[in-house]
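The values are calculated or read from the model by the stated rules, or taken from the named source; none is laboratory data. These numbers come from a predicted model, not from an experiment. Cβ placement follows ideal geometry from the backbone for every residue including glycine, while neighbour counts extend to all protein chains displayed. Accessible surface areas use protein heavy atoms only, side chains included; no ligands, DNA or RNA. Shrake-Rupley method; radii C 1.70, N 1.55, O 1.52, S 1.80 Å.
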Amino acid sequence: KAGVTQTPRYLIKTRGQQVTLSCSPISGHRSVSWYQQTPGQGLQFLFEYFSETQRNKGNFPGRFSGRQFSNSRSEMNVSTLELGDSALYLCASSFRTSEETQYFGPGTRLLVL
Amino acid sequence: QKEVEQDPGPLSVPEGAIVSLNCTYSNSAFQYFMWYRQYSRKGPELLMYTYSSGNKEDGRFTAQVDKSSKYISLFIRDSQPSDSATYLCAMSHGGTQGGSEKLVFGKGTKLTVNP
């Protein structure tokens with residue numbers, strides 16, 4: 001079974017631009033979560049989608065948004081990029097509503113100049 | 001106080017050593033405890049998953065949860081150079097109807113096993 005895939009793998013943007021990252025979960029998984037990973041803060045939860053609805057949201061500004069499609073694929077968008085948004089963005093998928101085991105993709109490394 | 005505390009290391013051990021990795025937490029509502037391993041430039045991969053207190057063994061890996069002390073551990077026996085990675089603990093309250101509860105992660109401990 002194919003794992004979680006994320007595109008693109010690497011991205012360079014400048015301040016003020018916006019970016020869209022994509023995540024395809026493991027086949028059959030309906031829950032997709034997004035995380036930001038930085039050396040200083042570690043892994044921080046951004047939001048979680050299940051059946052096209054946002055179920056949980058972390059403490060990030062409104063510039064960070066996401067959505068999920070009917071095939072469970074998910075995208076996250078960051079508008080008005082800041083230097084501090086440089087990070088590894090990880091997507092994780094899980095199977096059912098009460099499933100706690102999350103499987104991570106390889107991440108998208110974003111560099112904001 | 002952060003919800004989950006984990007010593008970032010780095011930790012360097014010789015091949016064959018027993019490695020002990022630990023996390024403490026403050027939220028007594030956590031019920032699910034996980035250890036992830038993350039190699040450089042890769043996403044985290046699930047190593048161990050436990051519910052509530054107790055021990056769980058899988059090959060060279062043993063996870064321990066002590067809810068009374070709010071303390072979890074991961075032991076690696078006969079460590080190998082291929083175990084060199086960052087190890088992250090994670091925990092959650094439990095699944096809610098309609099979606100998974102978010103995981104709270106430690107910052108990770110970087111482990112190097114020297115041949």
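Summary table
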{"quantity": "Hits in region A:50-73 - residues which are crowded, with 18+ Cβ neighbours inside 10 Å, assigned to a strand (DSSP E or B) and in contact with a Lys or Arg (Cβ under 7 Å, 6 or more places away or on another chain)", "calculated": "A:50"}
{"quantity": "Per-region count, region A:73-113, residues hydroxyl-bearing (Ser, Thr, Tyr) and within 13 Å of the chain's Cα centre (by Cα)", "calculated": "5"}
{"quantity": "Residue match in region A:23-34 (condition: within 26 Å of residue B:41 (Cβ to Cβ), in a strand (DSSP E or B) and away from chain B (no Cβ under 13 Å))", "calculated": "yes"}
{"quantity": "Criterion: more than 13 Å from chain B (Cβ to nearest Cβ) and open to solvent by less than 10 Å² (accessible area, probe 1.4 Å) - qualifying residue of A:113, A:46, A:90, A:81", "calculated": "A:81"}
{"quantity": "Near pairs, Cβ below 7 angstrom, 6+ apart or cross-chain, from region B:83-106 (modelled with pLDDT under 90) to any residue that is of a type in the set (Ser, Thr, Tyr) and not in a strand (DSSP E or B)", "calculated": "B:95/A:97; B:95/A:98; B:97/A:97; B:98/A:97; B:99/A:97"}
{"quantity": "Any hit, region B:65-87, residues being facing chain A (nearest Cβ under 8 Å) and over 28 Å from residue A:7 (Cβ atoms)", "calculated": "no"}
{"quantity": "Residues satisfying the stated conditions in region B:3-17, i.e. surrounded by 12 or more Cβ atoms within 10 Å (Cβ to Cβ) and part of a loop (DSSP other than H, G, I, E, B)", "calculated": "B:3, B:7, B:8, B:9, B:15, B:17"}
{"quantity": "Answer from A:51, A:33, A:65, A:94 - the residue that is over 21 Å from residue B:3 (Cα atoms), in contact with a Phe, Trp or Tyr (Cβ under 9 Å, 6 or more places away or on another chain) and at pLDDT below 95", "calculated": "A:94"}
{"quantity": "Filtered residues of region A:25-37 (kept if surrounded by fewer than 21 Cβ atoms within 10 Å (Cβ to Cβ) and among the polar types (S, T, N, Q))", "calculated": "A:27"}
{"quantity": "Odd one out for residue B:60, checked against (1) touching a helix residue (DSSP H, G or I) at 6+ places or on another chain (Cβ under 9 Å); (2) under 29 Å from residue A:55 (Cα atoms)", "calculated": "(2)"}
{"quantity": "Out of A:17, A:41, sole residue that is open to solvent by 10 Å² or more (accessible area, probe 1.4 Å) and closer than 19 Å to residue B:36 by Cα", "calculated": "A:41"}
{"quantity": "Subset of region B:47-56 [open to solvent by less than 50 Å² (accessible area, probe 1.4 Å) and in contact with a Ser or Thr (Cβ under 9 Å, 6 or more places away or on another chain)]", "calculated": "B:48"}
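Here's the yes/no breakdown for (1) open to solvent by 10 Å² or more (accessible area, probe 1.4 Å); (2) touching a strand residue (DSSP E or B) at 6+ places or on another chain (Cβ under 9 Å); (3) part of a strand (DSSP E or B); (4) within 27 Å of residue A:32 (Cβ to Cβ):
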site	(1), (2), (3), (4)
B:27	yes, yes, no, yes
B:30	no, yes, no, yes
B:33	no, yes, yes, yes
B:36	no, yes, yes, yes
B:42	yes, yes, no, yes
B:63	no, yes, yes, yes
B:69	yes, yes, no, no
B:75	yes, yes, yes, no
B:86	yes, yes, yes, yes
